[in-house]
Amino acid sequence: MLETLLKIFIIVIGLAVVLQAGVMLALYLSVKQTSAHLETMLSELHKRAVPLMEKMGAAGENLAAASATLRTQMERVDTTLSDVLDRTRLQVIRADELMSRTLDRVEETTEMVQHTVISPVRQFAGLFSGITAGVGTFFGRRHATHSEESEDEELFI
């Protein structure tokens with residue numbers, strides 16, 4: 001029965017590790033997708049900014065208006081980049097926390113298995129050894145008692 005429980009605990013631990021690996025893979029894919037999206041946004045931004053700058057060079061009288069427009073767009077880009085970087089940092093922090101929690105849980109599970117499976121098995125082994133020694137001693141004394149009774153009977157006759 002203890003072997004069955006041990007196998008069940010090992011299977012549960014294995015499933016937990018596989019599940020956590022799946023979560024880590026999903027986080028990795030999410031960060032990778034976010035990075036690809038950021039690169040696409042930067043490429044599109046670059047495509048839009050270059051023609052705007054060419055128009056600014058061609059239209060000197062609209063320099064002040066174009067400068068204000070560029071400033072506004074750059075603030076948006078800065079805000080967007082800051083947001084993307086903050087989200088990326090958050091995802092990295094979450095992945096780090098997840099990995100830390102995973103390692104802590106694996107360690108806790110190992111300790112739990114140690115205390116709930118291995119310690120009782122040792123206690124059972126000690127109990128079984130004690131019972132075996134007791135039974136051996138009990139039967140050993142009966143034989144000694146039986147031989148003492150035989151000697152008493154021989155002396156009596």
(request) Would you mind calculating the relative contact order of the stretch 1-141 from Cα pairs under 8 angstrom and at least 6 residues apart, reporting the percent as a whole number? (result) 47 percent
(request) For the stretch 1-93, state which GluC sites (Glu not before Pro) are in a DSSP loop and have at most 12 other beta carbons lying within 10 Å of their beta carbon. (result) GLU61
(request) Note the direction-averaged projected area, equal to a quarter of the hull surface, for the Cα convex hull of the stretch 2-116, in nm². (result) 8.2 nm²
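Quick note: the coordinates plus some simple rules give every number you see, no bench work behind them. Since we're looking at a predicted model, the values are computed, not measured. Note that each Cβ is placed from the backbone with ideal geometry, even for glycine, and that neighbours are counted across all protein chains shown.
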